[in-house]
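The values are calculated or read from the model by the stated rules, or taken from the named source; none is laboratory data. Predicted, not measured: the structure shown is a model, and the values here were computed from it. Cβ placement follows ideal geometry from the backbone for every residue including glycine, while neighbour counts extend to all protein chains displayed. Protein only, heavy atoms only, side chains kept; ligands, DNA and RNA dropped before computing areas. Shrake-Rupley method; radii C 1.70, N 1.55, O 1.52, S 1.80 Å.
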Amino acid sequence: MNHAYDNAYIAGILNSVKTIAMVGASANDVRPSYFVLKYLLGKGFSVFPINPGQAGKEILGRMTYARLADVPEPINMVDVFRGSAAVPGVVDEVLRLDPLPNVIWMQLGVRHDEAAARAEAAGIKVVMNRCPKIEYGKLSGEIGWTGVNSGVLSSKKPLMRPGFQSFGVRRK
């Protein structure tokens, strides 16, 4: 895949995902993974923190697991909050899951083309070097509340999702 993502591709993912496993979730409330986890939970996603050092403890009221295979229900998306060098190992773990997740999403600054190609060959969509929190805010119009030009304009009434002040992502 080209890995230059249009809004329709990202919106399609964010509208279809219900469960997210966040690899590299942190219990430290100043880490980016912590506030992305908090945001996604607030938008109504079911998020499972994955962090071997925190396994068996809760982060934001959600039980933390050591491995993806420990998550007690099917995962729609794996959000990778680890460095690019860790991605091949995460993809290996993903490819052993049954059923396979629909999406592997690599956070800002995280990219691994070879691992992405292996995931795509197995039928998994891949997003690299993007943040679902930022993309959700952009595509729902929320980011405009702070004066940021999201490049997304619509006169349509926003769709509401469960969660606090939660607009849904618009499809083009």
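At 0.36 nm per residue, minus the direct Cα-Cα distance, what do residue 38 and residue 8 gain on full extension? Give it in nm, one decimal, please.
8.3 nm
Anything over 19 Å Cα to Cα? Flag those among 38/125; 18/57; 43/138, in the order listed.
With Cα atoms farther than 19 Å apart: 38/125; 18/57.
Where does the stretch 1-125 land on the Kirkwood hydrodynamic radius, alpha-carbon pairs, in angstrom?
Over the stretch 1-125, the inverse of the mean reciprocal pair distance is 14.6 Å.
Between residue 73 and residue 15, what is the FRET efficiency for a Förster distance of 25 Å, r being their Cβ-Cβ separation, to the nearest 0.05?
After rounding to 0.05, the efficiency reads 0.80.
Which value, in Å², gives the accessible area per residue of the stretch 1-56 when a 1.4 Å probe is used on the protein heavy atoms?
I get 41 Å² per residue for this part.
Tell me, what is the FRET efficiency for residue 30 and residue 120 to the nearest 0.05, using R0 = 30 angstrom and their Cβ-Cβ distance as r?
On the way: r = 34 Å, r/R0 = 1.14.
Once the sixth-power term is evaluated, E becomes 0.30.
Label the stretch 64-128 by shape, choosing from rounded, prolate and oblate, from the square roots a ≥ b ≥ c of the eigenvalues of the Cα gyration tensor; if a/c is under 1.5 it is rounded, and otherwise prolate applies when a/b is larger than b/c, oblate when it is not.
Numbers: a/c = 1.76, a/b = 1.28, b/c = 1.38.
Because a/c hits 1.5 or more and a/b fails to exceed b/c, the stretch 64-128 counts as oblate.
At a probe size of 1.4 Å, how large is the accessible area of residue 127, to the nearest 10 Å²?
We get 0 Å² for residue 127.
Using a Debye calculation, one point per C-alpha and no hydration shell, please list log10 I(q)/I(0) for the stretch 11-81 at q = 0.12 Å⁻¹ in order.
So the normalised log intensities are -0.26.
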